[in-house]
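What follows is a set of notes on a single structure, which appears directly below.
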Amino acid sequence: QVHLVESGGDLVQAGGSLRLSCAAAGGAVSIATMGWYRQAPGKQRDLVARITKDGDTDYVDSVKGRFTISRDKAENTVYLQMNMLKPEDTAVYFCNYIFGEYTFWGQGTRVTVSS
């Protein structure tokens, strides 16, 4: 069992920045594909960014150039640096851990961007 704890969500004005953290326990972030997803009210949960065990990253088009996913192997934590935030980035952000057939989710952290 891998336990994921997200933090860093907050209320921020448009154009501002936030850094989300996902601390993992029970599994190394370096061997898994780690992803950040978000779910806005009334909408499905969608992938925002992910990083593979090899360090390859990819992003949904709407956040390219603004968001950066990274990981700290020593801290066993994955981050999502979010810059130039927009009101449409408002959502609950979830961390995801995939290793083989196993998938784990965190409880989410809320990001609200005011216009």
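Every number in this text was worked out from the coordinates using simple rules, so none of it is lab data. Computed from a predicted model, the values in this text were never measured in an experiment. In this analysis, Cβ positions are derived from the backbone assuming ideal geometry, glycine residues included, and neighbour counts consider all displayed protein chains.
How about segment 17-49: which trypsin sites (Lys or Arg not before Pro) there lie in a loop by DSSP and see at most 11 other Cβ atoms within 10 Å?
Filter output for segment 17-49: LYS43.
Hey, quick one: spin label on ILE98, modelled 7 Å out along Cα-Cβ, who in segment 1-34 has an amide N within reach, i.e. under 14 Å?
32-34
Let's test this: bin the Cα-Cα distances of the chain at 5 Å from zero up to the farthest pair and state each bin's percent.
Reading the bins upward from 0: 2, 13, 25, 26, 19, 10, 4, 1, 0.
So, by mean Cβ neighbours within 10 angstrom, what's the order for 26-36, 5-15 with the highest one leading?
By packing density, highest mean first, the sequence is 26-36, 5-15.
Below 22 Å Cα-Cα, how many Lys pairs turn up in the chain? Only count pairs eight or more apart in sequence, or on different chains, if you could. Numbers along the way, then the final one.
On the way: LYS43/LYS64; LYS43/LYS86; LYS53/LYS64; LYS53/LYS73; LYS64/LYS86.
Lysine pairs satisfying the spacing and distance rule in the chain number 5.
Can you list which of the GluC sites (Glu not before Pro) found in segment 68-110 are DSSP loop residues with at most 16 other C-beta atoms within 10 Å?
Taking segment 68-110 and a limit of 16 other Cβ atoms within 10 Å, the loop GluC sites (Glu not before Pro) found are GLU75, GLU101.
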